[in-house]
Amino acid sequence: MNEKVLKTLEYDKIIGQLSRHASSDAGKRLCEKLLPMTDKDEIQTAQTQTSDAVLRLRRKPGPSYNGLKNIIPSLKRLDIGGVLSCQDLLEISAVLDIAASAKNFLRPENEEELPDSLSVFYAGLEPCHPLNAEIKRCILGYDEVADDASPTLKDIRRKMISTNSRIQQTLNSLVTSNAMKTYLQDAVVTTRGGRYCIPVKLEHKNHVPGMVHDQSSSGSTVFIEPMSVVKLNNELKELELQEEAEIQIILSKLSFSASLDSEHLEKDYKLLVDLDFILAKARYSESLKANAPSFNADGVIDLRQARHPLIDASKVVPISLELGRDFTMLVVTGPNTGGKTVSLKTVGLLTLMGQAGLHIPALDGSSLAIFNEVYADIGDEQSIEQNLSTFSSHMTNLVRILDKADSESLVLLDELCSGTDPTEGAALAQEILVRLHNFGTRCMATTHYAELKVFAIQTPGVQNACCEFDVETLRPTYKLLIGLPGKSNAFAISGKLGLDERIIEGAKARIDTGNTAFEDLLADIETDRKSAELDRAEAAKMKAEAEELRKKFEKDLSSLDSVRDSILSDARSEAYDILQQAKTQADTIIKDIRRNSKSADLSGLERVRTEAGKKAKAALENMGSLKKDNSRSSSLKLSEDDIEEGMPVRIRSMNMIGTVVSLPDSKKQVGVQMGSMNMKVAVSDLMRLTEDELALQESAGSKGRLQKTGMGHLKYSKSLGVGTELKLIGMNTDDAMLELDKYLDDACMAHIPSARIVHGKGAGILRQAVQNKLKKDKRVRSFRQAEYGEGDAGVTIVEFR
């Protein structure tokens with residue numbers, strides 16, 4: 001990618017912002033070297049790494065990079081047998097600490113977590129714990145080795161402390177003696193050249209036997225090492241030399257140990273720098289509220305609510321545009337300061353960011369094309385040194401662009417061919433756009449020339465666009481409108497600002513009739529567009545209201561149908577009961593008459609009884625299957641006197657089976673236990689169990705007596721207690737998976753067709769674990785994420801086999 005466009009589109013400022021999110025100097029340098037790529041695989045890999053890093057940072061904070069130094073020079077010294085200093089070894093230890101922290105950050109939370117693009121870092125990092133522990137044990141600071149680094153060093157330092165103490169005692173007794181007070185300048189002990197001395201007055205130096213090591217600047221004091229401590233000082237000096245030699249031995253051993261892990265150390269450092277760079281991209285993405293774009297090979301740019309990343313997020317106006325599908329060239333017109341140049345830069349800068357592996361500040365679903373080159377001619381590039389006017393400078397750039405642009409290029413042109421005669425400039429601009437259009441170049445150009453608006457209307461593959469301007473407030477809205485050419489609004493703005501109306505009318509009269517008609521047409525189009533937007537908004541509102549009314553009507557209709565069916569069912573059931581009762585009474589009467597009078601003629605009564613039986617049968621058949629159930633339900637109805645504690649019952653309104661746990665109260669409410677749920681139910685809503693249901697219960701009971709874990713009893717109890725919703729919110733992943741597995745067993749045995757798994761949104765860890773489990777479970781037919789109104793991303797809907 002050419003350097004000029006990087007500067008023109010302010011890509012360097014993006015890199016500056018990115019670098020501030022890197023934690024290490026090496027990571028910052030990688031950010032500063034980041035350039036747009038042209039290979040699709042490389043771009044996709046970089047985008048995937050950024051996306052995976054964003055997801056990981058949302059789950060847990062990234063590793064600390066404090067103390068990460070470049071250890072490569074130290075490793076090179078190790079390769080040639082060199083000995084590292086305390087500082088070098090501590091820097092290696094810091095790298096290993098960071099490697100351990102990064103490995104913990106990248107560690108999978110469970111075995112079912114799927115690997116991502118950062119998993120290779122987890123596999124590649126080697127914290128070298130034994131080496132790190134040994135360095136920490138031996139080295140306390142950049143110039144301090146621990147006493148316990150070796151037994152020899154500990155013994156030497158013990159002797160040094162002892163010798164020091166003897167020297168101090170000897171000198172203290174000397175300076176505090178009455179005999180020496182006359183000779184001493186001060187009653188203190190000092191050091192000169194690493195030897196302990198006392199300050200003696202010059203005139204008394206012959207009275208203190210010893211070695212003179214120094215003299216004060218005034219010459220009145222000499223520093224003498226008394227003969228009584230010369231031997232001790234010599235011993236101390238020898239111990240210091242031994243200490244230094246032992247420290248070198250310790251450093252040599254540590255350096256040798258480090259050299260054995262040299263490959264791991266080098267790999268750790270390079271992986272940590274790369275990881276810091278990737279995490280910097282992820283943090284930058286989060287700061288911009290950015291998303292990963294998709295990439296296509298069709299040259300299509302599709303930006304949705306894209307924001308310029310260098311403009312304050314609270315002030316920037318998002319733009320949406322498409323380029324490369326229905327048209328390959330966009331001509332943007334409109335007044336100055338209306339947002340044309342910002343729109344141009346947004347498209348170019350987001351293209352560069354995307355190809356550099358950075359997320360872009362646009363809605364999810366935005367798409368970018370991959371260009372081999374991006375060219376931009378934006379801003380006033382007048383050059384006094386090169387004796388170039390604004391027009392000449394722009395033309396120089398255009399010559400270079402036309403020489404290199406092709407179908408794999410994106411060209412951005414601001415105020416094309418401005419700064420010269422308008423007639424000639426418009427003609428040149430049109431021919432330049434024709435040339436780029438013939439190349440198949442994706443191009444976006446801003447202009448004030450009306451001729452280019454007409455060109456865009458008349459040329460296939462070229463589209464107009466404009467930046468909206470509010471004439472009433474004299475302010476731009478900065479909204480980019482595709483398909484509509486812009487209007488200068490010069491007369492309207494001048495009138496609003498108070499310019500004499502006669503001047504404005506005179507100016508209008510001087511404009512070519514065709515241009516006037518064209519501007520009037522644009523004004524009409526703008527009016528129609530705003531009217532259409534209002535109509536569309538009103539239509540959307542009415543549609544929403546109509547949809548709400550439709551749902552309410554369907555709900556009311558369903559309720560009416562239920563009430564109607566219930567009334568008809570009860571009426572037919574009652575009619576059947578009456579006919580059946582009449583038939584029974586007729587049978588009884590006929591039997592009594594036969595018993596009491598054998599010779600009586602009963603043919604008439606028999607006909608009445610038979611007719612009543614036929615009507616009862618017809619009524620029963622007319623009720624259909626539902627009526628049969630209701631008839632049966634009538635015989636299964638319970639009264640207050642029928643209800644006993646512990647008896648199984650069916651709740652009609654819920655079509656569920658439970659067990660009576662308390663007798664009817666004053667409100668005729670009965671306590672019923674259904675699994676873990678205890679509720680109050682009206683007596684009128686309870687029914688006896690059918691013979692089949694009772695047989696199932698008795699079978700479950702008998703099996704339960706013989707074997708407490710009998711499947712019949714288990715299945716029956718599951719059907720009573722299993723709900724259609726499982727809540728996992730607040731659980732860790734392991735506990736949630738155990739609870740989910742148990743629930744899947746219970747739900748399948750209870751023949752529940754579908755269920756809601758409530759896992760919450762959060763960082764998405766529990767949702768991913770749940771869906772991974774469901775994907776592998778043979779009891780599950782399908783699952784999906786809940787839609788808006790069902791729980792959204794916090795709920796997964798499951799359908800069982």
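Brief remarks follow.
- Stokes-Einstein D for segment 255-412, Kirkwood Rh over Cα pairs, 4 °C, 1.567 mPa s (µm²/s): 70 µm²/s
- Note that segment 169-318, at 4 °C in a medium of 1.567 mPa s, gets a Stokes-Einstein diffusion coefficient of 56 µm²/s from its Kirkwood radius over C-alpha pairs.
- Computed packing ranks the peptides 127-135, 723-731, 459-467 as 459-467, 127-135, 723-731, most packed first, by mean other Cβ atoms within 10 Å.
- Prolate/oblate/rounded label for segment 44-142 (Cα gyration tensor, a/c 1.5): prolate
- Expressed per residue, the C-alpha convex hull volume of segment 104-263 stands at 179 Å³.
- Length added when fully stretched, LYS4-HIS129, from 0.36 nm per residue minus Cα-Cα: 40.1 nm
- Karplus (6.51, -1.76, 1.60) ³J(HN,Hα), θ = phi - 60°, over segment 217-223, in Hz, Gly and Pro reported as x: 5, 7, x, 8, 10, 10, 9
- Computed from the Kirkwood radius of its Cα pairs, the Stokes-Einstein diffusion coefficient for segment 131-174 at 37 °C and 0.692 mPa s stands at 271 µm²/s.
- Solvent exposure of segment 249-288 as accessible area per residue, Å², 1.4 Å probe: 40 Å²
- Carbon + sulfur, % of accessible area of segment 116-226 - ligands and nucleic acids excluded, 1.4 Å: 51 percent
- Estimated FRET transfer efficiency (LEU55, ASP665; beta-carbon r; R0 41 Å; 0.05): 0.15
The values are calculated or read from the model by the stated rules, or taken from the named source; none is laboratory data. Fair warning: this is a prediction, and the values are worked out from it, not measured in the lab. As a convention, Cβ positions derive from the backbone with ideal geometry for all residues, glycine included, and neighbour counts pool all protein chains shown. Just so you know, the surface numbers come from the protein's heavy atoms only, side chains and all, with ligands and any DNA or RNA stripped out. Shrake-Rupley method; radii C 1.70, N 1.55, O 1.52, S 1.80 Å.
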